[in-house]
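Q: Take a look at the following structure, please.
The values are calculated or read from the model by the stated rules, or taken from the named source; none is laboratory data. As the structure is a computational prediction, the values presented were derived from the model and not from experiment. Please note: Cβ atoms are built from the backbone with ideal geometry, for glycine as well, and neighbour counts cover all protein chains shown.
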Amino acid sequence: MEIKWKTCFRVGLSIFVLYLCITYWSVAFGLLTTLLSAAAPLFIGCVVAYIINILMSFYEKFYFTKSKNVKVIKSRRPVCMVLAFITLLAIIALVIGLVVPELVSCVQLIFNKLPDAMNMVVAWLEDIQFVPEDILASIQAIDLESRLEQIVNALVSGVGNVMGTVVSTVASVFSGIVTALLSFIFAIYLLSGKEKLANQFERVMKRYMKKSGYSKVKHVFSVMNDCFHRYIVGQCTEAVILGLLCALGMFILRLPYATMIGALIAFTALIPVAGAYIGAGVGAFMIMTVSPIQALVFLIYIVVLQQVEGNVIYPRVVGSSMGLPAIWVLAAVTVGGGMMGIAGMLIGVPLAATAYRLLKEDVNKTAVKPMKKVEE
């Protein structure tokens, strides 16, 4: 076997790079973290552009598609892009406007009613004579209002140097604004020239990759794009249906905060499996400030609605389009949430669906090959 010097050079270079990575791992990891932090606006811009592209493509299907006017054709992309951004911002503003004010008022109401509730609990314990008298006396001696004031004062005093806190807060807010602005600009560039960028990327892959490797990479990206597109569209459709059914049922049962909790359920339902339960917990917490009985009725209704959603709505809207078994959905949500939190829950399912589909295709190919040989 003839050994070429290029092969020896590549092996030696690979071993040298591996040695550097092992020896200077902390430095390399710090450099990698810095690079990822610096490139955060680009990653966020790609995510925003992908989501906006779904809305933009939808609007482009209906924006004077039969018109042959050059000005109308040139205006299709910017007009549809603006409409897509306005739609996304309007949805976010609507959810925040409906949920946040009511949630803040409910928390304030709970803090105001907590002392009276504790007194009612103590009086109830006295009536049933279940708790010893010395424990009741110690509970009654607690001045809950003063304790709450002490807790609030401790939190305020524990903030530390006010000036330093203000400076760090302003710096973080300014950094977030700059990141959001750069991400927004990058997303606009991606959307306005997506065909040209896709063509350039395809030419680079064809130039530096073998034909078989290029076909495999293109197929992987195609499957991934299809899974993410189906997941986003299906999950948003399922969330809207679930939120509308929740609000409608609450109106029929005459439960408070129907519109706000319906919007909250629709927003949290974007998180697979656990999202609706998170929204249900917050909704029950808010209704409990009005009536504990109504909160119990709401929880019963949500459990019934979740059964209908899990067995009827989700399989038809999302499950059938993704083609991913329920056990793998749960596994993807669990692993993704443990690694990356809510973001991991959101991207875990389409990534698992991509891997599942590619693995299924490969297994089916290997299973079909012997059958062909037997037939020959």
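Q: Which residues, counting only those in region 1-60, are over 30 Å from ALA343 (Cβ atoms) and of a type in the set (Asp, Glu)?
A: GLU2
Q: Something else now. Which is at pLDDT below 85, within 17 Å of ILE92 (Cβ to Cβ) and among the polar types (S, T, N, Q), of THR289, THR268?
A: Details: THR289 fails: within 17 Å of ILE92 (Cβ to Cβ).
Checking each option against the conditions leaves just THR268.
Q: Could you say whether any residue in region 253-270 is touching a Lys or Arg at 6+ places or on another chain (Cβ under 7 Å) and not assigned by TED's automatic domain parsing to the domain that holds TYR50?
A: Quick first cut of region 253-270, residues touching a Lys or Arg at 6+ places or on another chain (Cβ under 7 Å) only: none.
Scanning region 253-270 turns up no residue that is touching a Lys or Arg at 6+ places or on another chain (Cβ under 7 Å) and not assigned by TED's automatic domain parsing to the domain that holds TYR50.
Q: Is it true that VAL312 is over 21 Å from TYR231 (Cβ atoms), exposed (fewer than 12 other Cβ atoms within 10 Å of the Cβ) and either at pLDDT 80 or above or more than 20 Å from the chain's Cα centre (by Cα) (or both)? Lay out the reasoning, then the answer.
A: Working: over 21 Å from TYR231 (Cβ atoms): no; exposed (fewer than 12 other Cβ atoms within 10 Å of the Cβ): yes; either at pLDDT 80 or above or more than 20 Å from the chain's Cα centre (by Cα) (or both): yes.
Here the answer is no, as VAL312 does not meet what is asked.
Q: Name, by its number, the condition in (1) touching a Phe, Trp or Tyr at 6+ places or on another chain (Cβ under 9 Å); (2) among the aliphatic types (A, V, I, L, M); (3) assigned to a helix (DSSP H, G or I) that does not hold for ALA247.
A: (1)
Q: Continuing with the same structure: Kindly indicate whether ALA284 is at pLDDT 80 or above, within 15 Å of GLN235 (Cα to Cα) and in the same structural domain as HIS219 (by TED's automatic domain parsing). Full working, then the answer.
A: Details: at pLDDT 80 or above: yes; within 15 Å of GLN235 (Cα to Cα): no; in the same structural domain as HIS219 (by TED's automatic domain parsing): yes.
Criteria not met by ALA284.
Q: Any residue at all in region 248-255 that's under 27 Å from GLY341 (Cα atoms) and β-branched (Val, Ile, Thr)? Spell out the reasoning first.
A: Restricting attention to region 248-255, the residues satisfying the condition of being under 27 Å from GLY341 (Cα atoms) are none.
Looking through region 248-255, none of the residues is under 27 Å from GLY341 (Cα atoms) and β-branched (Val, Ile, Thr).
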